[in-house]
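One structure below.
The values are calculated or read from the model by the stated rules, or taken from the named source; none is laboratory data. As the structure is a computational prediction, the values presented were derived from the model and not from experiment. Every residue, glycine as well, gets a Cβ built from its backbone with ideal geometry; the counts of neighbours run over all protein chains shown. Only protein heavy atoms, including side chains, enter the accessible area calculation; ligands, DNA and RNA are left aside. Shrake-Rupley method; radii C 1.70, N 1.55, O 1.52, S 1.80 Å.
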Amino acid sequence: MGAPRPAAKAPPNRKSTTLRCLFELDSVAHDAPLPPPSADAEVDELLSSISRCADPTLESPSQQQEVKRQQLSRVLSAVRGATRPLDDTAWPPLVFMLSANLFRPLPPPASPCLPPDLYEEDGPAMSLAPTWPHLHIVYDILAALVASADAKVLRRHLDRAFLRGLLALFQSEDPRERDRLKNVFHQLYSKLASDRSFMRKSMNNVLLRYVFDGERHYGIGELLEIWGSIINGFAVPLKEEHRLFLTRVLLPLHKPRGIGAYHRQLSYCVSQFVHKEPGLGEEVVKGILKHWPVTNCQKEVLLLGELEDLLESLDPPQFEKLAPPLCARIARCSNSASSQVAERALYVWNSERFVKMASQSWEQVLPGIVECIERNLRWHWSKSVQHLTTSVKSMLEEMEPVLYSRYQLELGHKESVMIQEETKRKIRWERLEMAGCSRSHGERKPTQTFTSLSESEAVTKINTGAPKHQGVPNL
């Protein structure tokens, strides 16, 4: 008989083995780290997103605008999340995309009939940028690039034409855009040391065109805010270039009627100069008095506050020179028909610095002050102004009782003389009118008329040549 067959083995449990293998493979797959994407793949993806965002068209469907917003967000995430400097191949298309979206025609002003120097922040509604959902992301991308890039890279890819384009965007009416521009432009100024002189001159040109050409501009306050931080970093003693900027640019900015839109920033810039060099205080005060308004009450109130703040930075030797013009201006403002201007001028007497300055030149300034105080007490329509004037008078009488009484008597004598002169002037005019009327009804000599005579000869002719029976009085 043949050899016995081997016993058949039981079939292996293939189902349990397969599940175990699958579980082990899945565990290994989850535990193993994914390979990092290559640098070329990241750059290609970034360039693809940039190319889709380079179209600044505004009339695209809402779905395409949403796609563009998503692509811009991806670019922003790639720039912010970069662990190494941005590749040089990505800079040119990125700068082109930023220029295409930012440098655009600005919308027309919301109030085209309003003069440029009457613009104020609390005025009519401003026209906002319709593409702001995209623009704010573009500004974020630019800010992230400037913050993360090296100064050499910025100089290589952001030329002066790009800087001029950013400066031109300060004309936008949208305050959100001007605020982003202010931050980005200041960051560029701090990094591009070789272009600082160019940036300062460009900003100066904008301010000068606004003052002397009447150009409409809405970003004066933001530009002055940038200048405030720049002035704060000036070294002492100041350069001649910086002093010229104060006298030729900042002081003339007190002239436009729309100063209320940027006065806070302007006052800060001027005060920084005086803090660094107190000797400039005399020139600053005289420059402000030179551009004093005539009919703009709101501007007068602003300038009075600025002068009061500047007094805290002046040196005592300057008081004697500035006391006469400054006290004369304060006195005239206290007689203003506007109660706001008059009250603000009278409140200046609460400043110990101002009282100390005036006390050094009582002989020169007190006569005009006494005249304005007495005029307010007699004629001003506002009860509050009269009450404040009474307080100032009481303070001055306590400080200088003899001088105040003497100048008050001189004022009374001066007023009586003026009344007498006015009476005599009226009598003369009445006599001339009577002489003219009587002469027109009498006989006229054909050889000579009053029209051919001078004024003095006509008066003499009336006094001597007229017949007495005509009743012409003698002058």
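General remarks:
- Number of positions in segment 287-304 that are touching a His at 6+ places or on another chain (Cβ under 9 Å) and assigned to a helix (DSSP H, G or I): 6
- Filter result (assigned to a helix (DSSP H, G or I), open to solvent by 70 Å² or more (accessible area, probe 1.4 Å) and not polar (S, T, N, Q)) within segment 68-106: Arg69, Arg74, Arg80, Asp88, Pro92, Phe96
- Residues (of a type in the set (Lys, Arg) and farther than 24 Å from Ala110 by Cα) located in segment 203-238: none
- Note on segment 219-250: among residues that are open to solvent by 20 Å² or more (accessible area, probe 1.4 Å) and under 14 Å from the mean Cα position of the chain (by Cα), the one that is nearest to Arg176 (Cα to Cα) is Glu222.
- Criterion: of a type in the set (Asp, Glu), out of contact with any Gly (no Cβ under 6 Å at 6 or more places or on another chain), part of a helix (DSSP H, G or I) and modelled with pLDDT of 95 or more - qualifying residue of Glu343, Glu374: Glu343
- Restricting Tyr262, Tyr268 to those that are closer than 20 Å to Ile230 by Cα, open to solvent by less than 10 Å² (accessible area, probe 1.4 Å), in contact with a Gly (Cβ under 6 Å, 6 or more places away or on another chain) and not polar (S, T, N, Q) reduces the list to Tyr262.
- Pro325 modelled with pLDDT of 90 or more and within 21 Å of His254 (Cβ to Cβ): yes
- Taken residue by residue, segment 125-136 has at least one member that is modelled with pLDDT of 90 or more, over 20 Å from Arg264 (Cβ atoms) and not in a loop (DSSP other than H, G, I, E, B).
- Scanning segment 226-241 for residues that are farther than 12 Å from Gln272 by Cα and in a helix (DSSP H, G or I) gives Ile226, Glu240, Glu241.
- Phe273 meets the conditions (1) out of contact with any His (no Cβ under 9 Å at 6 or more places or on another chain); (2) at pLDDT 95 or above; (3) closer than 21 Å to Tyr210 by Cβ in every case but one. The failed one is (1).
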